[in-house]
Structures are given as C-alpha cells and as structure tokens.
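Chemist: This structure is in structure tokens; I'll ask about it shortly.
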Amino acid sequence: MIATPWPHDLQKYFDCIYWPRKIGRSQNTKRLYCVTIRVFGRFLGRPALVADLDDDSVTAYIAYRAENVSLFAADKDRRNLSAIATFAAKKRHLAEFPDYPRVSLPKRNPRALTIAEIDRVLTACSRVPGMIGNARACDWWLAYYLLALVTGERTGAMLALRWEWLRGRSEEHTSELQSQFRISYAVFCLKKK
C-alpha cells in the first residue's frame, strides 16, 4: 500500500483527512473543532501544524485556556485536540499518542427554576405563532416544555423520541402519562395562585 501525502497544516489536515471520516457528526461539532484549531493557532502565534499536537504545546495551551477563559473551554479544547492527535497517531502521522493532562472540572449545581420563571416560560410558549408540523406552535412548545418539566429529560433525548416507541405501550401506560401531565400542570397552576 502506498502512503498518501497528508497536509501538515492542522486545519487542512482536519478538513481533508480527519473530518471526512467522522460520518454523522453535526456541522456545529465541526464548527467547534475549527474554533479550537483557530484559537490554538492564535496561541502559537501562527497557523497550527499537525506536529504541534505534541504534549508540551497542547498542555501549555490547555493551561492558558484554563487560566484565561474557563476550565470548561480548556477541557473542550483538550478533548478536540486529543481526538485529532489520537487519529493522527493511529495513521502514523504523529510519532506519539497524546498524553494531555485532564482538566479538573468543578461540579455544577443545577438550579431549579422559580415558579415565576416557569410561569414566564409557559406564557411565552402559549404565545408562539405558527405551526410545527401539523400542530400549532404554541401547543407544541407547551407540550415540549411540560414534558421536560415533568420528566427532567434532556433536550436531545426528548427530540429523539419516536411515536412507534410509545405505540407498543399499553393504553393504561399512555393514560397514566397523560394524567401525570394534567396533574403536574394543575399543581403548577395552584402553586402560582
């Protein structure tokens, strides 16, 4: 097998070699990787090269991001650069696999919405004009928000739900879910008064 030449510029490497092999990733993910590469290049004072994915350069960059931006930004950049470097090492475009230090992230304490904040969100939902599919947008947003409020489910998981997953359930289960929505909304309205 003949080795194909690969670009030494990190952005070109990402665009031509790394990203085309990442099937199913969103354009937002690609945008975030490109931001990481661009900011890494700014830190280096020139466009980043694949060879710059060495432990010393990336560790200095991670420390800089942690000190000047946030620990979360530093961790995101560490994971993005580590993914590219690991891929490059597997392809033998880098001499060593990355061994970047992990960023210790603080635990975030979730804060619940107040009754007044929930009321504002429900009011805003009820005023959304237009249609979403076959449903009025205001109804769709109220149902979506109440589902999130009652279940505590993440947005991605809720948007991934499919009707066929619920159709196999018993009518009793569906009725129970509808009852929980009605009860939750009734309790919310009572607490509001």
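The values are calculated or read from the model by the stated rules, or taken from the named source; none is laboratory data. Remember, predicted model here, so these are calculated numbers, not experimental data. All Cβ positions, glycine included, derive from the backbone under ideal geometry; neighbour counts span all protein chains shown. The accessibility values were calculated without ligands, DNA or RNA, using every heavy atom of the protein model including side chains. Shrake-Rupley method; radii C 1.70, N 1.55, O 1.52, S 1.80 Å.
Chemist: Scan the range 105-116 for residues that are within 24 Å of the chain's Cα centre (by Cα) and either within 15 Å of Leu149 (Cα to Cα) or modelled with pLDDT of 90 or more (or both) and report the count.
Modeler: Of the residues in the range 105-116, the ones within 24 Å of the chain's Cα centre (by Cα) are 105-113.
Within this subset, residues satisfying the condition of being either within 15 Å of Leu149 (Cα to Cα) or modelled with pLDDT of 90 or more (or both) are 110-113.
Adding up the residues that qualify gives 4.
Chemist: Here's a follow-up. Search the range 59-83 for residues that are under 16 Å from Cys34 (Cα atoms) and assigned to a helix (DSSP H, G or I) and pair each with any residue that is of a type in the set (Val, Ile, Thr) and at pLDDT 95 or above when their beta-carbon atoms are under 7 Å apart and the residues are at least 6 apart or on different chains.
Modeler: Pairs that qualify, where the first residue is under 16 Å from Cys34 (Cα atoms) and assigned to a helix (DSSP H, G or I) and the partner is of a type in the set (Val, Ile, Thr) and at pLDDT 95 or above, are Ala74/Ile62; Asp77/Thr36; Asp77/Ile62; Arg78/Ile62; Asn80/Thr36; Leu81/Thr36; Leu81/Val58.
Chemist: Which members of the range 126-142 meet the condition of being among the aliphatic types (A, V, I, L, M) and in contact (Cβ under 8 Å) with a residue 12 or more places away in the chain? Steps first, answer last, please.
Modeler: Restricting attention to the range 126-142, the residues satisfying the condition of being among the aliphatic types (A, V, I, L, M) are 128, 131-132, 135, 137, 142.
Answer for the range 126-142, where residues must be among the aliphatic types (A, V, I, L, M) and in contact (Cβ under 8 Å) with a residue 12 or more places away in the chain: Val128, Leu142.
Chemist: Moving on. Checking the structure you have, find out if any residue of the range 145-161 is among the small types (Gly, Ala, Ser) and surrounded by 14 or more Cβ atoms within 10 Å (Cβ to Cβ).
Modeler: Here is the first cut: in the range 145-161, the ones among the small types (Gly, Ala, Ser) are 148, 152, 156-157, 160.
Retained after the next criterion (residues that are surrounded by 14 or more Cβ atoms within 10 Å (Cβ to Cβ)): 148.
Yes, the range 145-161 has at least one match.
Chemist: Okay, moving on. Pairs needed: first member in the range 21-47, touching a residue at least 40 places away in the same chain (Cβ under 8 Å) and in a helix (DSSP H, G or I); second member anywhere, open to solvent by less than 100 Å² (accessible area, probe 1.4 Å) and of a type in the set (Ser, Thr, Tyr); C-beta distance under 8 Å; at least 6 residues apart or different chains.
Modeler: That search, which allows pairs on different chains as well, returns Phe40/Tyr61.
Chemist: What are the residues in the range 115-157 that are among the hydrophobic types (A, V, I, L, M, F, W, C) and assigned to a loop (DSSP other than H, G, I, E, B), if any?
Modeler: Hit for the range 115-157 is Val128, nothing else.
Chemist: Hey, another quick one. Name the single residue, out of those in the range 20-46 being modelled with pLDDT of 95 or more and more than 16 Å from Arg78 (Cα to Cα), that is surrounded by the fewest Cβ atoms within 10 Å (Cβ to Cβ).
Modeler: Gly45
Chemist: Next question, about the same structure. Taking the range 66-81, which residues are out of contact with any Leu (no Cβ under 6 Å at 6 or more places or on another chain) and open to solvent by 30 Å² or more (accessible area, probe 1.4 Å)?
Modeler: Ala66, Glu67, Asn68, Val69, Ser70, Phe72, Lys76, Arg79 - these are the residues of the range 66-81 that are out of contact with any Leu (no Cβ under 6 Å at 6 or more places or on another chain) and open to solvent by 30 Å² or more (accessible area, probe 1.4 Å).
Chemist: Working carefully through the options Pro129, Pro110, Pro106, find the one that is open to solvent by 90 Å² or more (accessible area, probe 1.4 Å) and under 30 Å from Phe72 (Cα atoms).
Modeler: Values: Pro129 fails: under 30 Å from Phe72 (Cα atoms); Pro106 fails: open to solvent by 90 Å² or more (accessible area, probe 1.4 Å).
Exactly one residue qualifies, and that residue is Pro110.
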